[in-house]
Amino acid sequence: MQQLTGKRGLIVGVANSQSIAWGCAHQLHAAGATSAITYLNHKAEPYVRPLAESIAAPLILPCDVEQAGELEAVFAAIQQKWGRLDYLIHAIAYAPMQDLHGRVVDCSEAGFLRAMSVSCHSFIRMAKLAEPLMTQGGTLLTMSYYGAEKVIDNYGLMGPVKAALESTARYLAVELAGQGIRVHAISPGPLPTRAASGITHFDQLMTEAIDKSPLHRLATPDDVGQLATFLVSDAARVLTGSTFYVDAGYNIVG
């Protein structure tokens, strides 16, 4: 385990104890890092706050990227509390159900734009706000999925959106390299998270991943968190612009 004592970061996307974002928060805390945690709204807060308190998060803040000013308020609080930032983990995504469950060719313009705004452009917004706080360099991580690269049944609209997100990570990696900021996408295999529950026949997708992957298992949020911990650490200082798969090898045979 990498030692991250003294590193401070922001994790956006914790919904409950099964969240990928929570696996990251848990593992980073175990390595000595201190994380600010956000929750989506008042309905999510009772699920998120006890988790954040269990890792002594010094900032526990609301953050709905669709609400004007909320994201900026989070970064203002970080500026006031710490004055700097070492890492950011972006683990949010959304598509309107009617667009997600239909064919891509049938998706509405409004649904496509909303999915892109929440799932992809929000990462750009966070990078812009994080840049002036990463005075000593830093790491930006976002969460993707294999459906960005290959067509996955029932993944629909989120495939093109995640493809855009992975491309965005590469462009940000180049643009921010001069400030010592490294950027990566992490691509976990299918996990039984709250977000994944909106995908049709998701249980079938998980079963197929177990059957086909060389290691015949699913990853866990903590597996993702362990990779995130390494990428945030100085041991990964020469890595940037990559998409890392955490899927028991499914991507090499899928």
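Every number in this text was worked out from the coordinates using simple rules, so none of it is lab data. These numbers were taken from a predicted model, which means no experiment stands behind them. Here the Cβ positions follow ideal geometry from the backbone for every residue, glycine too, while neighbour counts run over all protein chains shown.
Once divided by 2.2 N^0.38 Å, the Cα radius of gyration of the chain becomes 0.95.
Work out how much length residue 56 to residue 77 would gain on full extension: take 0.36 nm times their residue separation and subtract the Cα-Cα distance, in nm to one decimal.
Values: separation 21, 0.36 × 21 = 7.56 nm, distance 1.64 nm.
Between residue 56 and residue 77, full extension yields an extra 5.9 nm.
Greater than 23 Å separation of Cα atoms is the criterion. Which listed pairs, 43/81; 81/128; 43/150; 128/162; 43/162, meet it? Let's see the in-between values first.
Working: 43/81 26 Å; 81/128 19 Å; 43/150 35 Å; 128/162 19 Å; 43/162 26 Å.
In this structure, 43/81; 43/150; 43/162 exceed 23 Å between Cα atoms.
In this structure, the amide hydrogen of residue 135, modeled 1.01 Å from its nitrogen in the peptide plane, lies closer than 5 angstrom to those of 85, counting only residues at least 5 positions away or on a different chain.
Taking the number of Cβ atoms within 10 Å of each Cβ as an exposure proxy, the fewest-first ranking of 140, 129 is 129, 140. Under 5 Å between amide hydrogens, built in the peptide plane, is the criterion, and for residue 183 it picks out 140, 241 among residues at least 5 positions away or on other chains.
Calculated mean residue ellipticity, 222 nm, the chain: -11500 deg cm²/dmol, from DSSP H runs (n ≥ 4) at -39500 (n - 2.57) each, averaged per residue and rounded to 500. Shown for 63, 107: other C-beta atoms within 10 Å of each C-beta, ranked fewest to most, produce the order 107, 63. Computed log10 I(q)/I(0) for region 61-156 at 0.18, 0.23 Å⁻¹: -0.88, -1.18, from the Debye equation with unit scatterers placed on every C-alpha and solvent omitted. With r defined as the distance between the Cβ atoms of residue 16 and residue 207 and R0 fixed at 30 Å, what FRET efficiency is calculated, to the nearest 0.05? Computed FRET efficiency for residue 16 and residue 207: 0.85.
Normalising the average separation of contacting C-alpha pairs (under 8 angstrom, six or more residues apart) by the number of residues puts the relative contact order of region 125-252 at 29 percent.
Relative contact order for the chain: what is it in percent, counting Cα pairs under 8 Å that are at least 6 residues apart?
Working: 497 pairs, mean separation 53.8, N = 254.
Contact order relative to length: 21 percent.
Sequentially through region 56-66, phi angles give Karplus couplings (6.51, -1.76, 1.60; θ = phi - 60°) of 6, 5, x, 10, 10, 10, x, 7, 10, 5, 8 Hz, Gly and Pro residues having no value and appearing as x. Distances between placed amide hydrogens fall under 5 Å for residue 189 paired with 219, 246, 247, all partners being 5 or more residues away or on another chain. Bridging of residue 7 to aspartates and glutamates at a Cα separation below 17 Å is possible for 86, 131, 234, once same-chain residues fewer than 8 apart are set aside. For region 94-105, 3J(HN,Hα) computed residue by residue from phi via the Karplus equation (6.51, -1.76, 1.60; θ = phi - 60°) reads 7, 9, x, 4, 5, 7, 5, 8, x, 6, 4, 4 Hz, glycine and proline entered as x.
With a cut-off of 15 Å, note down the residues of region 125-147 whose backbone N falls inside the zone around a label point 7 Å from the Cα of residue 70 toward its beta carbon. Under 15 Å, as judged by backbone N against the label point of residue 70, lie 126 of region 125-147. Across region 126-141, computed HN-Hα scalar couplings (Karplus, 6.51 cos²θ - 1.76 cosθ + 1.60, θ = phi - 60°) run 5, 4, 5, 6, 6, 3, x, 8, 8, 5, 10, x, x, 9, 10, 10 Hz from first to last residue, x flagging Gly and Pro.
The fewest-to-most ranking of 116, 134, 158 by surrounding Cβ atoms within 10 Å reads 116, 134, 158.
Where nothing but the Cβ of Lys and Arg (+1) and of Asp and Glu (-1) is charged, how large is the charge dipole of the chain around its Cα centre, in debye to the nearest 20? Don't skip to the end; give the middle numbers.
Details: 18 positive and 22 negative charges, 107 e Å.
Dipole about the Cα centre, nearest 20: 520 debye.
Could you tell me how many degrees, from 0 to 90 and to the nearest 10, lie between the Cα long axis of helix 45-54 and the main elongation axis, the longest principal axis, of the Cα atoms of the chain? Rounded to the nearest ten degrees, it is 50.
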